[in-house]
Amino acid sequence: MKQLIALNKGLWLALAYLLAVTGSAFAAGEEEAAWNGGLRQKFFGDRAIEEGNQIIELTAPYRAEDPALVPIQINSKIPQTKDRYIKTVTLIIDNNPVPFSANFHFTPESGKADLAMRVRVNAYTHIRAIAETNDGKLHMNKVFVKASGGCSAPIGTDLEAAMARMGKMKFKLDNEKAALQQPNLAQLLISHPNITGLQMDQLTRMIKPAHFVEELKVSFNDKPVLTAQTDIAISADPNFRFYFVPETAGELKAEIRDNKGNQFSATQTVTP
Amino acid sequence: MKVPVIALILSLTALNAPAQTDIPKLSLQQVAPGIYVHQGVHELPDSHNRGEIANIGFIVGQRCVAVIDTGGSPEQGHALRSAIESITTTPICYVINTHVHPDHIYGNIAFKQPGVSFIGHHKLAEAMAMRAPFYQEKAERDLGFSLKIENFVPPDHSVRDTLVLELGARTLLLRAHKTSHTDNDLSIYDAQTKTLWLADLLFMGHLPVVDGSLNGWLATIEQLKTIDAKLAIPGHGPVSADWPGALEPEERYLKTLQSEIRAFIKDDKTMEDAMENVDLSVRDDWQLFDEFHKRNISTAFAELEWEDD
Ligand SMILES: [Zn+2]
């Protein structure tokens with residue numbers, strides 16, 4: 001019995017040591033593990049990626065208050081001109097079950113490739129924004145966020161009301177009167193439960209199937225302003241802020257499609 | 001080789017089965033005749049307090065005891081049960097869960113036996129089912145214990161509107177509320193002592209936490225005010241407080257949150273902006289303000305953004 005206890009104790013010590021060693025080793029490389037271990041290759045192959053905040057800057061809270069509703073902003077550092085502009089911004093949340101969060105396409109008519117939205121964060125992770133400029137170069141800015149459970153978090157308490165409201169959209173413009181020939185800030189609110197498919201109903205052992213906005217197109221007078229592919233990391237009732245440049249008075253239009261093929265659209269008159 | 005393995009299993013089994021004397025004592029106060037409350041602590045649930053942070057307790061009738069919330073861990077449930085058995089020989093007939101939050105339901109398993117009926121809001125079972133996997137993960141990570149699905153004991157009887165429970169020379173009125181603190185809040189009224197057990201519909205000292213609907217909670221508060229009670233029992237705060245004065249600070253906080261966030265939305269300001277600037281003047285009036293205020297703002301902002309639609 002004595003021998004056994006000794007062995008037992010030794011075993012526990014060994015286990016504890018192993019845990020401590022692997023735990024700390026994991027922690028040290030952990031932040032970049034998912035990115036270097038495949039994400040980078042998967043999305044960008046061997047292309048060079050310049051890191052910094054010269055082209056875009058990502059802002060996110062270090063500690064998320066609500067992991068299912070983390071507000072983030074992407075600010076561009078260069079104006080959108082015909083000669084030089086940000087073509088695409090890809091948003092990756094490394095340690096989410098689905099790291100690919102969204103892909104935004106801009107044009108020179110976007111005015112400014114700035115974005116704000118709310119995302120779900122499932123584990124301590126880097127969030128990365130990778131901008132591709134029209135010369136084909138990639139520029140990345142990343143932020144580390146402490147949050148957990150954002151994707152598996154229970155669906156908002158009133159799913160029935162959310163389903164009834166699904167597809168409603170509204171624009172909010174920063175100023176009542178639009179400033180012609182220059183970037184105007186717009187906000188698009190989309191009512192959609194954006195179910196991640198990771199929330200299990202333990203009663204029926206059924207996972208509520210994923211149901212989320214997959215594509216977003218914003219145009220002004222039929223010219224594209226912002227086009228996006230989005231995934232489950234975008235919070236319920238998606239909310240996007242972006243810029244557009246009205247040349248004249250006209251109509252701002254949003255069209256969305258979800259993964260079940262539902263399509264919705266909304267328009268907003270813009271007057272100078 | 002065989003002998004040590006068996007011995008090891010036996011020794012582990014012995015370690016895992018707590019002796020009767022291991023059950024920690026639970027402090028209780030009698031706030032009105034036959035109404036006992038254990039006071040929680042104003043802390044975030046963690047591995048030190050094991051999530052045992054809420055006010056929990058029981059009401060004794062001539063024929064039956066009704067337990068109201070069972071605590072933040074199975075151990076606290078056992079502690080509550082042994083405290084009840086040391087105070088009265090009246091059997092436990094009912095376990096009432098006031099809502100789905102872990103600090104109120106994780107002791108349920110200690111009371112699961114024939115003859116005990118579990119009672120909750122009609123949306124409690126679904127809320128438990130939806131949250132169980134997420135809560136299991138969280139318990140493992142933050143509280144330092146693991147929970148099986150059996151720990152989530154759903155109600156045997158659900159309350160859609162109201163339910164009258166006879167405890168023997170004592171009648172309890174249970175009310176199911178519309179989405180407020182959560183979407184499954186239940187309050188208990190003891191007519192004999194005019195005591196209103198509000199659980200987390202009433203926060204005192206501990207900042208109110210919105211996990212349901214801000215507008216709904218304020219509407220519920222209006223209804224609660226019409227109840228002819230003398231004493232209220234909050235889910236977090238003192239074991240009891242005078243009614244209806246007990247509601248004032250919570251109502252003031254929630255109303256300010258509502259009016260300020262509405263103003264932010266009307267001015268086309270952002271959630272981020274609101275989270276930084278809404279109503280910081282009351283910071284010193286509340287405990288755990290920094291832990292929950294911003295979260296309340298984001299939850300409420302997302303709700304109020306769509307309130308006119
Ligand atoms: Zn609660």
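The values are calculated or read from the model by the stated rules, or taken from the named source; none is laboratory data. The structure presented is a predicted model; accordingly, all values stated were derived computationally and were not measured. Cβ atoms come from the backbone with ideal geometry, glycine included; neighbour counts cover every protein chain shown. Only protein heavy atoms, including side chains, enter the accessible area calculation; ligands, DNA and RNA are left aside. Shrake-Rupley method; radii C 1.70, N 1.55, O 1.52, S 1.80 Å.
Mind ordering B:74-84, B:110-120 by average Cβ neighbours within 10 Å, highest first?
Details: B:74-84: 22.1, B:110-120: 16.7.
Going by the mean number of other Cβ atoms within 10 Å, highest first, we get B:74-84, B:110-120.
What is the angle, in °, between the Cα long axis of helix A:2-34 and the longest principal axis of the Cα atoms in chain A? Nearest 10 is fine, range 0 to 90.
Taking the Cα atoms of chain A, the angle to A:2-34 is about 20 degrees.
What span do the alpha-carbon atoms of segment A:47-270 cover on each of the three principal axes, reported in whole Å from largest to smallest?
On the principal axes, segment A:47-270 reaches 56, 40, 27 Å in Cα extent.
For the protein assembly as shown, which whole percent of the accessible surface, found with a 1.4 angstrom probe, sits on carbon and sulfur atoms?
Its accessible area is 53 percent carbon and sulfur atoms.
For segment A:60-93, list whatever residues lose no less than 40 Å² of accessible surface once every protein chain is in place, relative to that chain by itself, with the probe at 1.4 Å.
Listed by number, the residues meeting the 40 Å² cut-off are A:E65, A:D66, A:L69, A:P71.
Rounded to the nearest 500 deg cm²/dmol, what is the calculated helix-only ellipticity per residue at 222 nm for the protein assembly as shown, with -39500 (n - 2.57) per DSSP H run of length n ≥ 4?
-8000 deg cm²/dmol
Compute the signed sum of charges (Lys and Arg +1, Asp and Glu -1) over the other residues within less than 12 Å, Cβ to Cβ, of A:R118.
Numbers: positive: A:R120, A:R241; negative: A:E65, A:D66, A:D237, B:E272, B:E305.
So the environment of A:R118 carries a net charge of -3.
Under a Cβ-only charge scheme (Lys and Arg +1, Asp and Glu -1), can you give me the dipole magnitude of the protein assembly as shown about the Cα centre, in debye to the nearest 20?
1220
How would segment B:122-279 be classified by its alpha-carbon gyration tensor: rounded, prolate or oblate, with rounded meaning a/c under 1.5 and the a/b versus b/c comparison settling the rest? Let's see the in-between values first.
Working: a/c = 1.94, a/b = 1.16, b/c = 1.66.
Cα axes put segment B:122-279 in the oblate bin.
In debye, nearest 20: dipole of segment B:29-245 around its Cα centre with unit charges on the Cβ of K, R (+) and D, E (-)?
Once rounded to the nearest 20, the dipole reads 420 debye.
State, as an integer percentage, the relative contact order of chain A based on alpha-carbon contacts under 8 Å between residues 6 or more apart.
Over chain A, the number comes to 18 percent.
Can you give the relative contact order of chain B as a percent, counting alpha carbon pairs under 8 Å and 6+ residues apart?
Once normalised by length, the contact order is 14 percent.
Just checking the output field for A:181-189: average partner chain Cβ neighbours within 10 Å of each residue's Cβ?
Across the residues of A:181-189, the mean count of other-chain Cβ atoms within 10 Å is 1.
Looking at segment B:20-94, send over the antiparallel percent of its DSSP beta bridges, to the nearest 5.
Here the antiparallel bridges make up roughly 85 percent for segment B:20-94.
Using a 1.4 angstrom probe with every protein chain in place, what is the largest-first accessible-area order of A:M117, B:M204?
In descending accessible area the options line up as B:M204, A:M117.
I need the P(r) histogram for the protein assembly as shown: all alpha carbon pairs, bin width 10 Å from 0 out to the longest distance, whole percents.
Histogram of Cα-Cα distances, whole percents per bin: 3, 15, 24, 22, 17, 11, 5, 2, 0.
When all C-alpha to C-alpha distances in segment B:29-245 are sorted into bins of 10 Å, what percent of pairs does each bin hold, rounded to whole numbers?
P(r) over segment B:29-245, rounded to whole percents: 9, 38, 40, 13, 0.
Over segment A:47-270, with the other protein chains present, what is the accessible area per residue in square angstrom, probe 1.4 angstrom?
I get 40 Å² per residue for this part.
Just the number please: accessible area per residue for segment B:29-245, 1.4 Å probe, all protein chains included, in Å².
On the way: 7680 Å² over 217 residues.
About 35 Å² of surface per residue is accessible.
List the accessible area buried at the contact between B and A, summed over both sides and calculated with a 1.4 Å probe, in Å² to the nearest 100.
Buried surface at the B/A interface: approximately 3200 Å².
Per residue of B:131-140, count partner chain C-beta atoms within 10 Å of its C-beta, then hand back the mean as an integer.
Values: counts 8, 5, 8, 10, 3, 1, 3, 3, 0, 0.
Per-residue shielding by partner chains comes out at 4.
Not counting ligands, DNA or RNA, and with a 1.4 Å probe, what is A:R40's accessible surface area in Å² rounded to the nearest 10?
Solvent-accessible area, nearest 10 Å²: 60 Å².
With a 4.7 Å Cβ cut-off, tell me which Cys residues in the protein assembly as shown come up empty for a partner.
Flagged as lacking a Cys partner: A:C151.
Which net charge results for the neighbourhood of B:G235, defined as the other residues with beta-carbon distances under 9 angstrom from its beta-carbon, given Lys and Arg at +1 and Asp and Glu at -1?
With Lys, Arg at +1 and Asp, Glu at -1, the neighbours total -3.
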